[in-house]
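Report on one structure; see the data block that follows.
The values are calculated or read from the model by the stated rules, or taken from the named source; none is laboratory data. As the structure is a computational prediction, the values presented were derived from the model and not from experiment. Every residue, glycine as well, gets a Cβ built from its backbone with ideal geometry; the counts of neighbours run over all protein chains shown. Accessible surface areas use protein heavy atoms only, side chains included; no ligands, DNA or RNA. Shrake-Rupley method; radii C 1.70, N 1.55, O 1.52, S 1.80 Å.
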Protein chains: 2
Amino acid sequence: MHIPKGFRFAATQAGFKHAGKLDLGAVVSDNPAIAAGVFTTNKFQAAPVLQCREMLDSGRKMSGFLVNSGQANACTGDQGRANCRETLNLAAMALDIPADELLPASTGVIGAQFDMNKWEAAMPALAKSLGTVSPEETAKAIMTTDTVHKLAEASFELKGGTVRLLGMCKGAGMISPNMATMLSFIACDADISTEAWQTMLTDCVNLSINRVTVDGDMSTNDCVMALANGASGIAIESEEEYILLRKHLLEVLEELAYKIVMDAEGGTKVAFIQVSGAKNDADAERVARAVGNSPLVKTALFGSDPNWGRIICAAGYSGADFNPEELVLKIGGVLVFRNGTPEPGNMDDLLNPIMAERDIVIHLDIGEGPGSSMLLASDLSREYVSINADYRS
Amino acid sequence: MHIPKGFRFAATQAGFKHAGKLDLGAVVSDNPAIAAGVFTTNKFQAAPVLQCREMLDSGRKMSGFLVNSGQANACTGDQGRANCRETLNLAAMALDIPADELLPASTGVIGAQFDMNKWEAAMPALAKSLGTVSPEETAKAIMTTDTVHKLAEASFELKGGTVRLLGMCKGAGMISPNMATMLSFIACDADISTEAWQTMLTDCVNLSINRVTVDGDMSTNDCVMALANGASGIAIESEEEYILLRKHLLEVLEELAYKIVMDAEGGTKVAFIQVSGAKNDADAERVARAVGNSPLVKTALFGSDPNWGRIICAAGYSGADFNPEELVLKIGGVLVFRNGTPEPGNMDDLLNPIMAERDIVIHLDIGEGPGSSMLLASDLSREYVSINADYRS
């Protein structure tokens, strides 16, 4: 793992989750970094989301992230905001950076207040871990129902040298395409302007993390935040340099997005839902979301059942404007339905081996329009129900 | 069971489903009846839906319903339309009524063509059963994954005598509030105009069957159709008479709606989601649907887990326009959340006995506006996944 220059990682057990689990982490940049963020559009925004938006609106450089799992600090009112600020004060002192340069994020149960004694008690261990743990440990500290930690990296050469990017995220449930629907952190050692970094992040999130769905539930705590600290000494100034960094940032975010769906709560499948020929991108997205969020499509995926009528049905109620006679459905490249009629032949024999795979490509061409969209969707399993019915998460 | 005057019922085993199961039924009125219908808004409309809409558009009186389970005759193109008409010809001859007065409906797997030999072979038995079976048998013949047949009745007195209403429906999955999302048939022996009957039916469906959700999936075959044959000899002419019939029609439809959610695939709970104080009814409905369709809310219901943060979260991403500070959440009458903050005290102790019930009232007051909505929602269980992953339905 090639860590971007000038970043250190921290992780410890604060007791927010079960004993023996990492649940508090930090990423610290040696020098203040250009910072960008994309946040949930849920009306109920968690205290750390409100705090980060306020901090990023100031346009100031930032020195790091402070992340806990086990509690979301969402729907916690004024006390939640005050607790959030107090955790920043405690951690900033412990990590020796200014409190107004530390971006907070939280994930876990909604509605419970922080136990500030646990936060205070965890500070010495958090400080001690800084610079001694790997990014893997920090990525583990932000997991909730995730079964694996999620990291992605990229690097590329410019004439001045190598630029490195490292991303980490958590997320397995309460995942929907309207916004990031998880926590994701990007560290980059390029030198770039605030405006360019924010634009690049927003664009890339829309093309990656906003294109996944597990259960259609958009969380109160979603955020993707990115720091660019310039420690590589390489400036992103020309259009070519911008395009190259954007390409690699998108790769990192796409890899994280895939990893979220691969680790979806109880998930066993990743459906790549591609929609083309729509009147516009919004209509294409409506179809992709209707298919990707349909419990009937998702249970058919889980059962490896080529029950394609459920896909057509979901497209039909999506609200997108199209002529049903023009819809062409292919699954794994096999033509299944066109001109309002199923293809002749024993479709089950053709589709069964495709449905048995982990990754399944579902392509809906719904007309002659220029609109297109893509969505990564998980399946819906008994395990998903068990995870969310039997445990408080 | 008080059967409306002038209606007879039929049911037989045609072999569309497993051997030994009733899967073909009919309701016949002795004289042509005023007919009304409400149909799915899915872009892909099943052949029988297209056929019924065409027939009802003619404004003609109708003499009955012909319903099969086991196959939906949806996404079957021109051949599906031709097959649908041919089944009407066969059944009309067998039942001795005009083919253009017999309204078809189908439910089952999408995309497969009818086996017309099975239809032909079933006609003698269907004809023989007419008038000899009870409405229960016909209601059983239209079941798919339903575990119980669903009937509701009402009667009331006018000065001329008694008016009777009988409703039956099927539906346990692919149930969503945008339209009827199931098959439902109403028989009434009042004498009423076509316009009044259609208006009454549309109004009452919007207040009952359109207010339920199992999985947010709107079927290709949904319909509610109602016949009023006037056989009671009692005319509905005054406003008082109209209001009285409407009240009883609504009661029948509400009972059927509740029975659908009670029999939801794998369902163990019925949540009554009430939203008030919205800017308008559409916003209230957005909140109710977001909560009622959230897999996380539904799995919490299944687990009897008072994890109220998921309800707030769903309201927050519903797209409704409201101020989160004004939202007040009550579960089973217990105040849980207001002013952006959870109520103090041990909420779990208060809510656990409420969540253990079968029927759970969730009330969200989201502001000072006049908009309100109600939705009946099922929970999401491992059994739902099993039903839809392991069996082709």
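Helical content alone sets the calculated 222 nm signal of chain B at -10500 deg cm²/dmol, taking -39,500 (n - 2.57) per DSSP H segment of four or more residues and averaging over every residue.
The loop-placed trypsin sites (Lys or Arg not before Pro) in the range A:255-311, going by DSSP, that have at most 16 neighbouring Cβ atoms within 10 Å of their Cβ come out as A:K279. Taking the longest Cα principal axis of chain B as reference, the axis of helix B:281-293 is set at about 90 degrees. Residues of the range A:56-98 that bury at least 20 Å² of accessible area when the other protein chains are present, relative to the chain alone (probe 1.4 Å, heavy atoms, ligands and nucleic acids excluded): A:C75, A:G77.
List the trypsin sites (Lys or Arg not before Pro) in the range B:320-378 that DSSP assigns to loop (not H, G, I, E or B) and whose Cβ has at most 15 other Cβ atoms within 10 Å. Which are they?
Working: sites: B:K330, B:R338, B:R358; in loops: B:R358.
Within the range B:320-378, the qualifying trypsin sites (Lys or Arg not before Pro) (loop, at most 15 other Cβ atoms within 10 Å) are B:R358.
On a 0 to 90° scale, report how tilted helix A:194-206 is relative to the longest principal axis of chain A, with both axes built from alpha carbons and the result rounded to the nearest 10. Once rounded, the angle reads 30 degrees. Among beta bridges from DSSP that stay inside the range B:253-393, the antiparallel ones total about 70%.
Highest mobility in the GNM of chain B, judged by mean-square fluctuation with C-alpha springs under 10 Å and restricted to B:A141, B:A19, B:A226, is found for B:A19.
In the range A:8-52, comparing the full protein assembly with the chain on its own, the residues that lose 30 Å² or more of accessible surface at a 1.4 Å probe are A:N42, A:K43, A:F44. The residues neighbouring A:G15, those whose beta-carbon lies less than 15 Å from its own, together hold a net charge of 0 under the Lys/Arg +1, Asp/Glu -1 convention.
Under a Gaussian network description of chain B, with springs only between Cα atoms under 10 Å, the residue in B:I97, B:I34, B:I243 that fluctuates furthest is B:I243.
With the charge dipole of chain B set up from +1 on Lys and Arg Cβ and -1 on Asp and Glu Cβ about the Cα centre, the Cα lying farthest toward the positive end among the listed residues B:T220, B:W308, B:S318 is that of B:T220.
Normalised by 2.2 N^0.38 Å, where N counts its residues, the alpha-carbon radius of gyration of the range A:270-389 equals 1.02.
I'd like to check one number: the per residue accessible area of chain A, probe 1.4 Å, reported in Å² as a whole number. Mind showing how you got there, number by number?
Values: 13740 Å² over 393 residues.
Computed with neighbouring chains in place, this is 35 Å² per residue.
Highest GNM mean-square fluctuation among A:A356, A:A26, A:A47, for chain A modelled with Cα contacts below 10 Å: A:A356. Summed over both chains, the contact between A and B buries some 4500 Å² of accessible surface at a probe radius of 1.4 Å.
Under the rule a/c < 1.5 gives rounded, and otherwise a/b versus b/c splits prolate from oblate, where does the range A:285-333 land using the Cα gyration tensor? In terms of gyration-tensor shape, oblate.
Keeping the other protein chains in place, figure out the carbon and sulfur percent of the accessible area of the range A:270-389, with a 1.4 Å probe.
Values: 2030 of 4160 Å².
The C+S portion of the solvent-accessible surface of the range A:270-389 is 49 percent.
Which pairs in the list B:K259/B:K298; A:K43/A:K269; A:K298/B:K140; B:K21/B:K170; B:K61/B:K128 are over 23 Å apart, alpha-carbon to alpha-carbon? With Cα atoms farther than 23 Å apart: A:K43/A:K269; A:K298/B:K140; B:K61/B:K128.
Computed from point charges on the beta carbon alone (+1 for Lys and Arg, -1 for Asp and Glu), the dipole magnitude for the range A:47-114 about its Cα centre is near 120 Debye.
With only alpha-carbon pairs counted, each pair once and no self-pairs, how large is the Kirkwood hydrodynamic radius of the range A:7-262 in angstroms?
This gives a value of 17.8 Å.
Accessible surface ranking for A:R8, A:R246, 1.4 angstrom probe, highest first: A:R8, A:R246.
Dipole size in debye (nearest 20) for the protein assembly as shown around its Cα centre, Lys and Arg Cβ +1, Asp and Glu Cβ -1? The partial results should precede the final answer.
Numbers: 64 positive and 98 negative charges, 209 e Å.
About 1000 debye.
The angle between the Cα long axis of helix B:47-57 and the main principal axis of chain B comes to about 80°, on a 0 to 90 degree scale.
Taking all protein chains in place and a 1.4 Å probe, what share, in percent, of the accessible surface of the range B:7-262 do carbon and sulfur account for? Of the solvent-accessible surface of the range B:7-262, carbon and sulfur hold 49 percent. Placing +1 on the Cβ of every Lys and Arg and -1 on the Cβ of every Asp and Glu, with nothing else charged, gives chain B a dipole about its Cα centre of roughly 860 debye.
Taking only C-alpha pairs under 8 Å that are 6+ residues apart, what is the relative contact order of chain B in percent? Kindly include the intermediate steps, with their values, before the conclusion.
Working: 995 pairs, mean separation 67.7, N = 393.
Relative contact order comes out at 17 percent.
Nearest-5 percent of antiparallel DSSP beta bridges in the range A:7-262? Mind dumping the intermediate values first?
Values: 34 of 49 bridges.
Rounded to the nearest five, the antiparallel share is 70 percent.
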